[in-house]
1. Please list, in chain and number order, the residues 5+ apart from R390 or on another chain whose amide H is under 5 Å from its amide H, with Hs placed from the backbone.
2. How high is the FRET efficiency from D87 to K137, r the C-beta distance, R0 25 Å, rounded to 0.05?
3. In region 638-680, which trypsin sites (Lys or Arg not before Pro) fall in coil by DSSP and have 13 or fewer other Cβ atoms within 10 Å?
4. Measuring from label point to label point, each 7 Å out along Cα→Cβ, what is the T398 to R747 span in nm?
5. Once Rh is set to the Kirkwood radius over Cα pairs, what Stokes-Einstein translational diffusion coefficient, in µm²/s, holds for region 26-164 at a temperature of 25 °C and a viscosity of 0.890 mPa s?
6. Quote to one decimal, in nm, the extra length available between S548 and L642 on full extension: 0.36 nm per residue of separation minus the C-alpha distance between them.
7. Excluding same-chain residues fewer than 8 positions from K510, which lysines have a Cα within less than 20 Å of its Cα?
8. Setting aside same-chain residues fewer than 8 positions from K26, which lysines have a Cα under 21 Å from its Cα?
Amino acid sequence: MLTMLGRIRLEGDDGIELDALARMPKRLALLAYLASPRPGTWHRRDRLTAVFWPELDTNRARTTLRNAIYVLRQHLTPATIRTRGDDEVALDPAMITTDAAALESDLEAGRPADALARYQGELLPGFHIPGAEGFEKWLDDERNRIRSLALKAADRLMTEAEASSNWTAAAAAGNRALEIEPNDETMVRRVIGLFDRGGDRAQALAVYERFRARLAAEFDAEPAPDTTTLAEEIRNRRTEGRTSERIATYPVGRPDPHAAPQTAVAPHSATSRRPFSRLAGAVLTAIAVGAAIFFLRPKPSAQGSTPIQLVVLPIQNDAGAGYDYLAAGLADEIARRLRHVGPQLTVKSAARAEWPGGTREDHQKIRKALGVQTAVEARLAAPGDSLEVRAELVDLETGRRQPIEVVRFGITTIADAGSKLAASIAGGVFRRPIPLGPASPAPSVDAESYRLTLEGWHHQTRREFARAKELFARATELDPGNAAAWSGLGSAWGALAVSYAVPWADGWLKSRTASLRALELDSLQGSALANIGVFRALESRSVAAGESLVTRAIQIDPGDAGPFLAQQALYRHAWAWDKARDGIRLARQIDPLNPYFVDREALVEMCAGRPAEALALYREVLAMDSTRRDGFWGTARALATLGRWDEALDELRRYAERTRDSLVTRDLVGARGETGYWRVLEADGQRRLARLIERGRREWISRAQLGMFQVGAGWLEEGLATLEAEVATDEVGLYRLPCFAEVDRVRDNPRFQALLHRLKPTSP
């Protein structure tokens, strides 16, 4: 047994320590290398000589290796070391085991507690071989790999314990993770939250104080504001003797899902009016995700003494795939109308959350994640020639269900169906009928135009912008007075521009025209107002020029995630990453279980150069939806940025297995380390570049996108030259350059750094 974690010890089958071999550092190092990642792994002799004897010529190095293997055989059972031809060497896994390999096997077999127990310290602690730089580099990489496996085991234990509400066990696993990686402030906040949830606030504050003292002593630094705020909240509650059911387990200061949505966000007073360079806009892409229909303005008409927290869940569509848009649109409409009942009812909408299959039925998970007591569950069906929605109120704690009136309608009466459903639900909540009419006479909307608008928003939120644009355009043709359709058309044109589907100037001109028309018809169209605000900021190269309009859009309907997403995109234009992150977190408060929002927060963290924070978020994306490509590739990107190359490749292997992507599977054959990672990414990038070039033979393509795709495909010189030419033409679409994965490989390239210097805003 070779023990390498926390101590170095080699024992024979009889338990007697093999002292002689332990006193020969280079031989012991060779044994440890051969045993990694586990006995049975074949190692090429030329690689071994390069690692251990790089100063020798090939013949002398191979002779030295043979002598070293001979010495190992003398101290071990001779059959322990196997050879395959003249080129490969391995240890027989039946003859020797290691604690590091056992840790990995336990984790793979679903035994995280056993795996974590095996991690007694870093790999080969204090071990060093002079003059063997290759071995030293390998040892650093292997230490990081094993440490990450131990942290993964701790995370799994925490997750399992949290799922069963065993806060003590979850906190213990978290404390173990902090012993392994004491600088992980994300984990510090998570452990503080777990102790708080378990009622042990003294331990929660002790975790904070230890971390604070350590930062001060070792780094002359203070904890992040999010960490300090969390500790102060716990200290205040403890001092005041109050209890709380706050679940503070969200890393990196993510918003507490139990907190009510903010009603307004004031503009940042210190925002510079100096132009910030080459602003562009993926903005409406973000705006569109949270946008919803805003036809009628209902007035509050019910009064109650006890505030009720309610969530409108996605409507189950049993009417057929052709009605997906209707199910999502009706859920949006119900939530929007219920928000206007009054302060006694707080409403969240999860209508467009892309939840895994079992989440909808997991009432406890929904209650804890969203901080609500009651849910609206509904089904859309198509009996005969009509449509119907059957809704129920569900007590998420007890599971008790209360049926609501069945609403039947036809395609021409969809708008009225949303009003009836909301009124019936409000009546069920307060046990008396509550009519939800418009606050003032609202112009009627053509029924087909209304339906097309619902369908357009459905495609817009699915990022199918060209189709959404067509539907919105048809809706405005049928009814030029349909303000929501004009607002949607503005969002669709803006999204097409920022996704490089149409020329920037053309897309934004049409976006602005449509949004202005929407506001002329209805000044309370929040999405249109946000569109105009962002457009003004881009046009003038100044955040301040559009900031107040986006803030106004938030104030119009603080329950709509769209303007919050616009706010984060506005700040992302100016590379004000922390403010951008705040915007997306506010959007997540509205719909915490939507993986797209989590993905957007992860992207902001990558833009800001914070891959560890992004990694936690991408893993959260995959926990919500284990099929998302952006979750797998984002996780791999964050791991690679952290230098954890083989883990990144393993993530791509999981993606290929899950999606049965034969091309990526082929690329991954034999891929290891940094070289293997970039080889896989270049192969994927070459396919994407080929598709872009083929499209360019038929239609317009963006030169900025071409340059980034060239870099991603490994055409570094060509790609940098293309990007340099675009910067010279003041291409506004390049504002996102720090965020694109395609340019990760050239971030340290002096030419690329010069490009970023030319683009970087002088002030947010």
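The values are calculated or read from the model by the stated rules, or taken from the named source; none is laboratory data. Keep in mind that this is a model prediction, so the values were computed, not measured. Here Cβ is always computed from backbone atoms with ideal geometry, including for glycine, and neighbour counts include all displayed protein chains. In case anyone asks, the SASA skips ligands and DNA or RNA and just uses the protein heavy atoms, side chains included. Shrake-Rupley method; radii C 1.70, N 1.55, O 1.52, S 1.80 Å.
1. R379, A381
2. Details: r = 23 Å, r/R0 = 0.90.
FRET efficiency, D87 to K137: 0.65.
3. Numbers: sites: R644, R653, R654, R658, R660, R666, R672, R679; in loops: R644, R660, R672.
Hits after loop and neighbour filter: R660, R672.
4. The answer from the label model is 5.3 nm.
5. Working: Rh = 16.3 Å.
Diffusion coefficient, whole number: 150 µm²/s.
6. Computed gain between S548 and L642 is 30.1 nm.
7. Result set, ordered by chain and number: K469.
8. The qualifying lysines are K137.
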